[in-house]
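Beneath this line is the structure, given in structure tokens, with notes to follow.
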Amino acid sequence: MKEDLYLAGKILKPKGLEGEVKVLPVTDFPESFLERKLFYVGKTEEAAVRRTVRHAVLRKGFAYLLFSGIDTREKAEAVTGSMVYVSADALIPLPPDRAYLHELRGLKVFNELHEEVGIVKDVVSMPAHEVYEVQCGGRIVLVPAIEEFVEEIAIDERYMVLRRFDEFL
């Protein structure tokens, strides 16, 4: 059985001739690319293979990584477009008021009267802030992920309570 993997970045392109790749981090902790020695790399989570980091640098919001076994530009080109994942045990512990995206997906959504109104399908990044994609029956409702609308999130109990939910219907 394959372990659960979590997206940390996307390989954008090769850099140089030695197999280095440019990675767009998709994490609130891009500095973790400097500390980690192990990632999983693949076009999909199912196809990802374990890769050891030989060298890592952060520059202008991007991570530049050299992986063992990827030592030519051609090999780096072959992994371009691949995703970079970490295992569950490599996730950085978050403070109590923060959650990983995978922890939010699937939460039951209740209105302020504690009536179940849907399920969180995804969290989408928008220019101003993130937005919860809530599946309500046969449609998707977008709710800003801001304090004004979020009354409570209980990760362990797998639910969230949203204020003024009817305004989005």
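Where a number appears in this text, it was derived from the coordinates with a stated rule and is not lab data. Quick caveat, the model's predicted, so the values are computed rather than measured. For neighbour counting, all protein chains shown are included, and Cβ atoms are generated from backbone atoms with ideal geometry for every residue, glycine included.
Charge dipole (Cα centre; +1 on Lys/Arg Cβ, -1 on Asp/Glu Cβ; no other charges) of the chain amounts to roughly 1220 debye. Between the labelled values (i) 46; (ii) 37; (iii) 34, the entry that holds percent of Cα pairs over 29 Å apart as derived from this structure is (iii).
Taking the number of Cβ atoms within 10 Å of each Cβ as an exposure proxy, the fewest-first ranking of Phe67, Phe110 is Phe110, Phe67.
Highest mean first, how do 23-29, 160-166 rank when packing is the count of other Cβ atoms within 10 Å averaged over residues?
Working: 23-29: 16.1, 160-166: 18.1.
The packing order, highest mean first, is 160-166, 23-29.
Cα to Cα, under 16 Å, and not fewer than 8 places away if on the same chain: which lysines meet these conditions relative to Lys121? Candidates past the 8-residue exclusion: Lys108. Restricting the calculation to alpha carbons of segment 1-43 gives Rg and Dmax of 11.7, 37 angstrom. Only helices enter the 222 nm calculation for the chain: every DSSP H run of n ≥ 4 contributes -39,500 (n - 2.57), and dividing by all residues gives -1500 deg cm²/dmol, rounded to 500.
Computed over the Cα atoms of segment 5-90, what is the convex hull's projected area averaged over all directions, in nm²?
Numbers: hull surface 19.1 nm².
Average projection, Cα convex hull of segment 5-90: 4.8 nm².
Average projection, convex hull of the Cα set of segment 101-168: 4.3 square nanometres.
For segment 5-90, a crude dipole built from +1 on the beta carbon of Lys and Arg and -1 on the beta carbon of Asp and Glu, taken about the Cα centre, is about 260 debye to the nearest 20.
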